[in-house]
1. Mind telling me which of the residues I258, I240, I300 ends up being buried (at least 21 other Cβ atoms within 10 Å of the Cβ) and more than 28 Å from T368 (Cα to Cα)?
2. So how many residues does segment 256-309 have that are in contact with a helix residue (DSSP H, G or I) (Cβ under 8 Å, 6 or more places away or on another chain) and of a type in the set (F, W, Y)?
3. Which residues, taken from segment 158-177, are open to solvent by less than 20 Å² (accessible area, probe 1.4 Å) and in a loop (DSSP other than H, G, I, E, B)?
4. What pairs come up if the first residue lies in segment 104-116 and is within 9 Å of E59 (Cα to Cα) and touching a residue at least 60 places away in the same chain (Cβ under 8 Å), the second is part of a loop (DSSP other than H, G, I, E, B) and open to solvent by 100 Å² or more (accessible area, probe 1.4 Å), and their beta carbons are under 7 Å apart, counting only those six or more places apart or on different chains?
5. Considering A94, A131, which residue is open to solvent by 40 Å² or more (accessible area, probe 1.4 Å), touching a residue at least 12 places away in the same chain (Cβ under 8 Å), small (G, A, S) and more than 30 Å from R244 (Cα to Cα)?
6. Based on this model, can you work out whether G199 counts as closer than 27 Å to S371 by Cβ and surrounded by fewer than 17 Cβ atoms within 10 Å (Cβ to Cβ)?
7. Need pairs with beta-carbon distance below 9 Å; first residue on the phi > 0 side of the Ramachandran plot and within segment 352-380, second among the charged types (D, E, K, R) and open to solvent by less than 20 Å² (accessible area, probe 1.4 Å); sequence gap 6+ or separate chains.
8. Against the condition more than 22 Å from H418 (Cα to Cα), crowded, with 21+ Cβ neighbours inside 10 Å and aromatic (F, W, Y), how does F279 come out, does it pass?
Amino acid sequence: GTRYMVYGGDFGPPGTASDRNFLLNGLVTADRRPQPHLLEVKKVYQPVAIRAVDLAAGEIEVENRYGFTTLAALDGSWEIAADGRVVATGRVPALDVGPAESRRVRLDLPDLQPSPGVEHLLTVRFRSRQAEPLVPAGHEVAWEQFSILGPPWPQVAEDSVRPGAQWSEQGDRTLVTGPDFSLEFDHARGAIASFEYGGLELLRTGPAPEFWRAATDNDFGSDAQIRSRMWKDAGEARTIDSVRVSAADVDGPAAVLIEAFSTLVEAGESHVTTRYTVFGSGDILVENSFVPGSEDLPEIPRFGMSLTLPETMDRVEWYGRGPHESYWDRRSGAAVGRWATAVDSLYWAYARPQENGNRSDTRWVAFTDGSGAGLLAVGLPTLDFSAHFYEIDDFDEGEEKSNRHTIDLVRRDYVTVHLDLRQTGVGGDNSWGAVTHREYTLWPQMLDHTFLLRPVASAAT
């Protein structure tokens, strides 16, 4: 009774010739729904280029990339958002710019004052004035976004009047407590075993180092799922060499530093050091560092940390690129903004299950339950994230495709979250051998990833 897409290999008797899902992975789905990468194509192909000239003076340059028409048929507008909230809007003067011509224009921007930790973004858009064949009036034809004030991350400094954190050893575990939270760290696993704030359990497991993603169709095309196989279980199979607990060297009230030193025995004896600085407020500063054990290692599919949340934390809000998925080499079509949806909606159901749903250049992301309580992750400066009611293995077919489908996925009773420095790009020059461009490939090298975890109290408290 469940509808799902079938594809090559699902039809005919055994031995029937098939290219599997090769003809089912285009810019639209087989039932004509736009895939996320169609929005990337639209952005790359947009017929108006918008460049910054002197943003302090409101000056931009607009280039007409049409071959035969002017820009008179387009209506321009601009908006300024502070941390994703629109604070000013205006119009772009009418532009009768000829084909292949450019013109500078001055926008009547307000005199903004910097505010600590607040990022201001200017977005310029061009829309169709009148309906044309296949294009309705008001259709967005082109847009561009510019940072005009502030850092690309929220202010996360600890308050000087915050409470202190206390810690004690309990066998092979360390217990850290503050006025509103308790955290238990498992030395044998080198990870947080439990984290409770205001009586609510915030974590099921993790965070733990992660280096793998479910192979994409392009990964299969270049045999990346075989070439980079050593990274699949590298994080899970790591050996915990030692754990050190001490008072953190920070200004203000007492904080606790937990350091976990581990070896990736599956990946050339590479080393990972994860530092957790736990403050009395319940904030946890996570610093994850990687040192390759050899120069002769294949590219890394992803570098980040994975954790699981209770299934009740099924709401997500983030400030970063969206609302659709984006990747290191496929993100120009996703605007930076403040977005909110259900965790289920982050999943993009490719006909053949594979890596999906990443959101890049994220300043912060919050996972909450129905009361508004949950966990906030802040990138320092940014992070990539994804969240599903599935594990990586649910999307992963192994070393060879086996005609899996969306119906084969079984929803878990918890949320798996990935907080990444980044993933290797998804490529796409072709899907039968081309690898991801070098500049978008995560090569084994010294890598550092830092983010802050912060409890979020319920709206009622």
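1. I300
2. Count: 0.
3. Listed by number, the list holds a single entry, A165.
4. Between residues of segment 104-116 that are within 9 Å of E59 (Cα to Cα) and touching a residue at least 60 places away in the same chain (Cβ under 8 Å) and residues that are part of a loop (DSSP other than H, G, I, E, B) and open to solvent by 100 Å² or more (accessible area, probe 1.4 Å), there is no close pair.
5. Just a single option satisfies the conditions, and that option is A94.
6. So G199 passes the test.
7. Close Cβ pairs (under 9 Å, with a partner that is among the charged types (D, E, K, R) and open to solvent by less than 20 Å² (accessible area, probe 1.4 Å)) amount to G357/E325; D361/D384.
8. In short, yes.
The values are calculated or read from the model by the stated rules, or taken from the named source; none is laboratory data. Predicted model, so just to flag it, every value in this text is computed and none were measured. Using ideal geometry, Cβ is built from the backbone for each residue, glycine included, and neighbour counts are taken over all protein chains shown. For the accessible areas, the whole protein counts, side chains as well, though only heavy atoms, and no ligand, DNA or RNA atoms are used. Shrake-Rupley method; radii C 1.70, N 1.55, O 1.52, S 1.80 Å.
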